[in-house]
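Notes follow the structure.
The values are calculated or read from the model by the stated rules, or taken from the named source; none is laboratory data. This one's a predicted model, so the numbers in the text were calculated from it and none came from an experiment. Note: ideal-geometry Cβ built from the backbone for every residue, glycine included; neighbour counts use all protein chains shown. Heads up: the accessible areas ignore ligands, DNA and RNA and are worked out on the full protein's heavy atoms, side chains in. Shrake-Rupley method; radii C 1.70, N 1.55, O 1.52, S 1.80 Å.
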Amino acid sequence: MRNKAAAASHHRLIYLLSVAQRRLQRWMASQPESEVTPAQAGLLFILGRQDGVLMGEAGAALDMGPAGISGLVDRSAAAGLIERRADREDGRAWRVWLTPKGRSALAQAKISAAAINAALTDGFTAAEIDIVARWLTSIQDKFPRDSEEEKQ
C-alpha cells in the first residue's frame, strides 16, 4: 500500500486535475463560436434529453446545489435559452424548458463538445480513455457531495 501511495503522489494528480479543469473551462469559454458558458451548455444537454425537468433534478444532474442551479437558470433564462414554468402538480416547484434559441445553442454545443472530446482523446486508445473515464467517475463515489452544501 505504501508503494501505491508513493506512486500516486509522484503523479501530482490533484494538481494535474485542477489545472486541466481550469484550462479546459477557460478555453471553452473563450471560443468565439460559443454562445453559451460551459455550465449553460450542461443545462442545455440535460434539457435536450428531457425537456421540462424540475430545477432540482437539473441541479442534481449537474452536481449543483439549489443556489447554484437557481443562478444558472436565472442567467440562462435572461439569455433567452430556457424558460422557467411552475410545475402543474406542485406550485412550489419549477420546471425548465428549452426555447427555440436554446435549441439552436444546444445544436452548436453538441458540435463543440464533439470537437473538444476528439481533442481530449487524441493520442489515446479507447482502452486508455475507458480507464480515465472510470477513474474520473470514481472520484464522485470517493468524494460525494457534502450534505451541508446541498442545503444551501
Distance (nanometres) between label positions extended 7 Å along Cα→Cβ at Gln108 and Ser30: 1.9 nm
Round to a whole number: what % of the accessible area of the stretch 28-148 belongs to carbon and sulfur, probe 1.4 Å? 57 percent
Could you report the chain's accessible area per residue, 1.4 Å probe, as an integer in Å²? 71 Å²
Computed magnitude of the charge dipole of the stretch 13-152 (debye, nearest 20; Cβ of K, R +1, Cβ of D, E -1): 320 debye
√(5λ) per eigenvalue of the Cα gyration tensor, the stretch 22-152, largest first, Å: 27, 21, 13
Can you list the HN-Hα couplings for the stretch 19-28, worked out from phi with the Karplus curve (6.51, -1.76, 1.60; θ = phi - 60°), rounded to whole Hz and with x for Gly and Pro? 5, 4, 5, 4, 5, 5, 4, 5, 4, 4
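Could you give the semi-axes, largest first, of the ellipsoid that matches the stretch 1-98, computed as the square roots of 5 times the alpha carbon gyration tensor eigenvalues and rounded to whole Å? Working shown, then result.
Working: eigenvalues 239, 68, 18 Å².
Here the semi-axes work out to 35, 18, 10 Å.
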Dipole of the chain, positive end: most advanced residue of Leu136, Leu43, Gly65 [Cβ charges, Cα centre]: Leu136
